[in-house]
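A quick write-up on the structure given underneath.
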Amino acid sequence: MSSDLVRVRPGLARDASKLRSIRLEALADTPDAYGETYAECAAWDDEVWTRKAEEWNFYLAEINGRVVGMARGESHNTRSDIRFLFAMYVAPSARGTDVARRLVDAVSAWARVQGVNSLYLYVSNAVPRARAFYAKVGFVATGSSLSMHRDESLVCDEMCRDLEEFSFRVRAVEASQLYDLRRRVLRDGDPTVDVVNPGDGLVTTRHFGGFLGERPVVSASFYEVEAPFAPGERAYQLRYMATDFDVQGRGLGAQLLERALEELPRGDVGRVWANARTSAQAFYEANGWRVVPNSLFVSQETGIDHVVIQIPLV
Ligand SMILES: CC(C)(COP(=O)(O)OP(=O)(O)OC[C@H]1O[C@@H](n2cnc3c(N)ncnc32)[C@H](O)[C@@H]1OP(=O)(O)O)[C@@H](O)C(=O)NCCC(=O)NCCS
C-alpha cells in the first residue's frame with residue numbers, strides 16, 4: 001500500500017454516485033452500525049442522492065481514485081451546539097491502515113473550525129472493532145447511551161474526542177504538501193492538470209500551509225516575480241491561494257496570508273502582487289490588498305475573470 005495514493009477529501013455535489021455506492025456498501029456490510037437501513041437508502045433515486053451530496057457534509061477516502069471509505073460531520077438535529085461524526089465506514093480491504101484515522105481527523109478539523117472543542121459520536125454495541133478504533137484515536141465514553149429506534153436491542157454509547165490538537169496553525173512547507181489542495185480547489189479536481197509550477201523549488205520561493213491537526217486546509221505560494229505594472233522592481237507573486245471546501249468562510253485564508261506576509265524574507269522586495277479571481281476580490285480587499293486600476297483580464301489557463309491586486313510588504 002505504501003506506493004498507493006491515499007487521499008481523504010470533502011465530498012462535493014458532483015460526488016453523488018460515489019456517495020451512493022459507498023454508503024450502500026456500508027449499510028450492506030455492517031447493518032447494525034447504522035440507524036438507516038440498506039432497504040431505505042437503496043430506494044432513493046438519483047435525485048435524492050444528488051440532494052444528499054449537496055446537503056451532507058461528507059468526506060470520501062480514496063486509494064488511487066477508488067472510494068474506500070466515508071464519514072460525515074454534522075450538527076445533531078436536536079443538539080445544534082455540538083458536532084457529530086456519523087456514517088463512518090472503511091471497506092474491509094482498507095481496514096487496519098490509517099484510512100479510518102484520516103477520515104476522523106478530516107471531520108475533527110471541520111468541527112474545530114465550527115468553533116467547538118469536542119467531536120461526538122454514537123457507536124453501536126454490535127461493532128466492537130469500531131469502538132476499539134474510536135478509543136485508539138482518542139474518543140472516550142461520555143456515559144450516555146441510547147437505543148436504536150428501529151431495534152431496541154442495539155444500544156449506542158456516546159463517545160467524545162477533544163479537539164485541542166486541531167487548532168489552526170500556519171507553517172512553511174514543501175510545495176508537494178499543497179499539490180492536492182491546488183488540484184482539488186483550483187483545478188476542479190482534474191487529475192490530468194499539472195499543478196507543479198516550474199518555480200516551486202527555487203530558493204527564492206516560499207510555500208505556506210494552514211493546518212488543522214495534520215490536515216492541510218489552506219495553501220499559498222510566493223514566487224519572486226516582477227509585477228507587470230512595476231517592471232524592474234523586486235516583488236513576490238502570490239499564487240495558488242486556496243482553502244478547502246468544507247472550511248471556507250471561517251477566516252483561515254486571512255490568517256494564513258497575515259502570517260505569510262510577516263514571515264516572507266524582505267531584502268529589497270517591496271510588494272506582493274497576484275492575479276486574483278474576481279470572485280475572491282472582496283476577500284483580498286478586506287485584507288488590505290488593492291486592485292490595480294483597469295487590470296481586469298481573462299486567464300488563458302482557466303478561462304476565469306481576474307484582476308491584478310497588490311499589497312506593500314512593510
Ligand atoms: C470502524 C472502522 C471505520 C474502523 O476502521 P479500521 O481501519 O477497521 O480501524 P483499525 O484497524 O485502525 O482499528 C480497529 C481496532 O480494533 C481492534 N479490533 C478488531 N476487531 C475487534 C473486535 N472484534 N473487538 C475489539 N477490537 C477489535 C483492532 O485490533 C484494532 O486495534 P489495534 O490497532 O490496537 O490492533 C472500520 O472497521 C469499519 O468501517 N467497520 C464497519 C463499519 C462500522 O462499524 N462503522 C462504525 C459506525 S459507528
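Structural remarks
- Residue match in the stretch 144-154 (condition: open to solvent by less than 20 Å² (accessible area, probe 1.4 Å), in contact (Cβ under 8 Å) with a residue 12 or more places away in the chain and either outside the structural domain of Arg66 (by TED's automatic domain parsing) or within 7 Å of the ligand (Cβ to nearest atom) (or both)): no
- Listed by first and then second residue, the pairs with beta-carbon distance under 6 Å, at least 6 apart or on different chains, first residue in the stretch 64-92 and farther than 14 Å from Leu24 by Cα and more than 10 Å from the ligand (Cβ to nearest atom), second of a type in the set (Ser, Thr, Tyr) and open to solvent by 30 Å² or more (accessible area, probe 1.4 Å), are Ile82/Tyr120; Phe84/Tyr120.
- Evaluation of Ser176 against the conditions (1) modelled with pLDDT of 95 or more; (2) outside the structural domain of Val203 (by TED's automatic domain parsing); (3) open to solvent by 50 Å² or more (accessible area, probe 1.4 Å); (4) away from the ligand (no atom under 13 Å from the Cβ) shows that the sole unmet condition is (2).
- Hits in the stretch 131-143 - residues which are in contact with a Phe, Trp or Tyr (Cβ under 8 Å, 6 or more places away or on another chain) and either more than 15 Å from the ligand (Cβ to nearest atom) or outside the structural domain of Arg102 (by TED's automatic domain parsing) (or both): none
- Near pairs, Cβ below 9 angstrom, 6+ apart or cross-chain, from the stretch 183-201 (under 14 Å from Glu301 (Cβ atoms)) to any residue that is among the small types (Gly, Ala, Ser) and surrounded by 17 or more Cβ atoms within 10 Å (Cβ to Cβ): Leu186/Ser219; Leu186/Ala242; Val196/Ala175; Asn197/Ala175; Asn197/Ser221
- Filter pass, Val170 being under 17 Å from Tyr59 (Cβ atoms), in contact with a helix residue (DSSP H, G or I) (Cβ under 7 Å, 6 or more places away or on another chain) and more than 8 Å from the ligand (Cβ to nearest atom): no
- Taking every residue in the stretch 20-42 that is within 12 Å of the ligand (Cβ to nearest atom) and pairing it with any residue that is part of a loop (DSSP other than H, G, I, E, B) and basic (Lys, Arg), at least 6 positions away or on another chain, the pairs with Cβ-Cβ distances below 9 Å are Gly35/Arg150; Glu36/Arg150.
- Qualifying residues in the stretch 108-119 (those that are outside any loop (DSSP other than H, G, I, E, B) and not hydroxyl-bearing (Ser, Thr, Tyr)) - the one nearest to the ligand (Cβ to nearest atom): Leu119
- Meets criteria (among the charged types (D, E, K, R) and more than 8 Å from the ligand (Cβ to nearest atom)) for Asp105: yes
- Across the stretch 43-60, the number of residues qualifying as over 29 Å from Ser147 (Cα atoms) and within 16 Å of the ligand (Cβ to nearest atom) comes to 0.
- Filter result for Tyr122 (in contact with a Cys (Cβ under 6 Å, 6 or more places away or on another chain), surrounded by 17 or more Cβ atoms within 10 Å (Cβ to Cβ) and part of a strand (DSSP E or B)): yes
The values are calculated or read from the model by the stated rules, or taken from the named source; none is laboratory data. Here the structure is a predicted model, which is why all the values come from computation and not from measurement. Neighbour counts run over all protein chains shown; Cβ positions are idealised from the backbone, glycine included. In case anyone asks, the SASA skips ligands and DNA or RNA and just uses the protein heavy atoms, side chains included. Shrake-Rupley method; radii C 1.70, N 1.55, O 1.52, S 1.80 Å.
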